[in-house]
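Asker: Got a structure for you, questions after.
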Amino acid sequence: MTRCLVATKNPAGHGFLDHAAPAAWLGQHIAVTPPPGKDQLFATVPGCWTITHRGCGWALATLSCSLKTAVKLAKQWDQRAGSIDPLNSKSWQYCQLWGKAVQAINCPWQSSDAEDHGETAAILAADRGLSIDQAGNHKRIQWRGKYWPAPTDAELQGWTVDSVCETPDGRIVEPDNSESWLSILGLV
């Protein structure tokens, strides 16, 4: 594993210390590392990764997901992260979009945007290697050779607490049916 610079809080409570962290993935502007742990060590918590800005070492997000998902997100955002000003990261033009992308991975059922057009479903489908198409502003997922509109976060959330779920072609089945959206997206 290659190492990258990570800024961690000083144990004495004064400022930050820079440490070399083992990087699971290094891009041009960001890296995926284990999260900082106690005593200047790096945690090895399964399913927990930090995306770090390589220029200044600041953590952009700590994610609860697989390494594959963290790296996929980092790759998608690597070029845009080049425009972050380390002295004023809140002025980053993509700050809100980045927040939504991180939220979709960490809390896929708590979208603040009711008209998310299936972003969570698209992320989950991509993670499973399903084909995705963009039609207008809506993501569509390929199933049985045809593209279907991805379900919204609200639909997914409803199906997780209900005893029924839709299939892409609109049939009502049990959530664990192999043709239900929840099964197709790997949620059951």
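Asker: Amide H neighbours of Leu63 under 5 Å, at least 5 residues apart or on other chains, H built in the peptide plane: list them.
Answerer: Hits under the 5 Å cutoff: Trp49, Thr50, Ile51.
Asker: Using a simple spin-label model with points 7 Å from Cα along the Cα→Cβ vector, what separation in nm is obtained for Leu97 and Glu155?
Answerer: 2.4
Asker: With a 1.4 Å probe and all protein chains left in place, how much accessible area per residue does region 54-95 have, in Å²?
Answerer: 59
Asker: Quick one: order Ser89, Ser163 from most to least accessible surface, probe 1.4 Å.
Answerer: Accessible-area ranking of Ser89, Ser163, largest first: Ser163, Ser89.
Asker: Based on the Cβ-Cβ distance from Arg144 to Ser83, what FRET efficiency comes out when R0 is 41 Å, to the nearest 0.05?
Answerer: 0.50
The values are calculated or read from the model by the stated rules, or taken from the named source; none is laboratory data. In this text, all values refer to a predicted model and were calculated from it rather than measured experimentally. Quick reminder, even Gly has a Cβ in these numbers, built from the backbone with ideal geometry, and neighbours come from all protein chains shown. Note: accessible area is taken over every heavy atom of the protein model, side chains too, but ligands, DNA and RNA are not part of it. Shrake-Rupley method; radii C 1.70, N 1.55, O 1.52, S 1.80 Å.
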